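Working notes for the structure below.
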Amino acid sequence: MEALVRPLSRLHAWLLPWRCLLCGDAGGDGLDLCHACAAELPRNTSCCACCALPLPSAVAMCGACQRKPPPWDAAWAPFRYGWPLDRLEARYKFGRDLAAGRTLARLWQRAVPPVARPALILPVPLHRARLRERGYNQALELARPLGRALGIPVRHDGLLRSRATVAQTELDAAARRRNVHGAFALRDGAPLPPHVVLLDDVMTTGATLAECARVLKRAGVARVDVWALARAPSSRQR
C-alpha cells in the first residue's frame, strides 16, 4: 500500500500543489499550510489531564476539576483554540470551507493520541434543523478520518440531539449549561461498549460534552473520555 500511496502523493503535488490556506504560499508536508504558518499552530502540550485546559505546566487535575470533577474521565485536545487554528476552524465550521476541514482533520491525525484507546467514538450530534442549515456535522467529519487512522469505529447515530438549542458562542458558562440541559438522548436500543469517547471540534466550557457524558454514564458506560481538536484557553469552567 505504501508503495502506491507515495506515487499518488507525488502526482497530487504536481497536478494540484498544496497551497497555504492562511497566507497563500506553497504548502508543505501534505498540508494546505506552509511551514511558517504550521509552526504557529498553538499546541496544547501543557494542560489539565482531566479537562485539557491549557496551563503553564501539565497537571493531573486543575483547580476547577478538583472543586467540581467533570462527568467524564479524561480529556484530550491536541491544540489550543487560538491563532491561526481558530481561523481555520471558523472557515470550516461557518464558512463551509472543506479544504480547511480536511487540513484540520489531517492535523488531528498527526497528533499523538492517548494511550487508553476507546472501543467507540461518538461525535457530538447536531439537531436536524442545524444540520439542514449547515449541510454537515463538523464533529462527525473530523471523527471519521481520525477513527480510520486509529482503527476505532465511529457511530454517527448513537447520540441524538433531541431538541434544538441556540448557538453557544455568545453565552456564558451558566447559560451554556442551561442551554444544553436535557438536549441529548441515546438512540433506542443502541448498544454501547464500556469505554466510549465523545468527540467535538472545539471545547470551551465543556457544557455540551458534559451533558452528553451524563447521558452515557446514566446508560451504564463505565468510562467516558472527551476528545476535541482544540481547547479554549479559558479559566471559566463548567
For a protection proxy built on the mean count of beta-carbon atoms within 10 angstrom, sort 149-159, 219-229 highest first, please. 219-229, 149-159
Mean Cβ neighbour count within 10 Å, used as a protection proxy, ranking 205-217, 50-62 highest first: 205-217, 50-62
Taking a label point 7 Å from the Cα of Ala39 along the Cα→Cβ vector, which residues of region 63-105 have an amide N closer than 18 Å to it? 83-85
Taking amide H positions as placed in the peptide plane 1.01 Å from N, state which residues far from Trp227 in sequence (5 or more) or on other chains have amide H under 5 Å from it. Trp76, Leu198, Leu199, Asp200
Using the beta-carbon distance between Cys23 and Ala60 and R0 = 25 Å, what value does 1/(1 + (r/R0)^6) give for FRET efficiency, to the nearest 0.05? 0.05
How long are the semi-axes of the equivalent ellipsoid of region 7-137, taking √(5λ) for every eigenvalue λ of the Cα gyration tensor, in whole Å from largest down? 30, 20, 15
Loop only by DSSP, 10 or fewer other Cβ within 10 Å of the Cβ. Give me the chymotrypsin sites (Phe, Trp or Tyr not before Pro) in region 72-106 that pass, ordered by residue number. none
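For region 66-147, with only Lys/Arg (+1) and Asp/Glu (-1) charged at the beta-carbon, what is the dipole magnitude about the Cα centre, in debye rounded to 20?
Details: 16 positive and 6 negative charges, 25 e Å.
The calculation lands at about 120 debye.
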Using a 1.4 angstrom probe, figure out how much accessible area region 21-87 has per residue, in square angstrom, rounded to the nearest whole. 47
Within region 194-217, find all residues whose amide N lies under 17 Å from a label point positioned 7 Å from the Cα of Arg67 along Cα-to-beta-carbon. 205-207
How large is the accessible surface of Thr45 in square angstrom, using a 1.4 angstrom probe and rounding to the nearest 10? 110
With a 1.4 angstrom probe the carbon and sulfur portion of accessible area for region 93-164, in percent, totals 52
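The values are calculated or read from the model by the stated rules, or taken from the named source; none is laboratory data. None of the values given here were measured: they were computed from a predicted structure. A quick note on method: Cβ atoms are made from the backbone with ideal geometry, for glycine too, and the neighbour counts reach across all protein chains shown. Note: areas computed on protein heavy atoms with side chains; ligands, DNA, RNA excluded. Shrake-Rupley method; radii C 1.70, N 1.55, O 1.52, S 1.80 Å.
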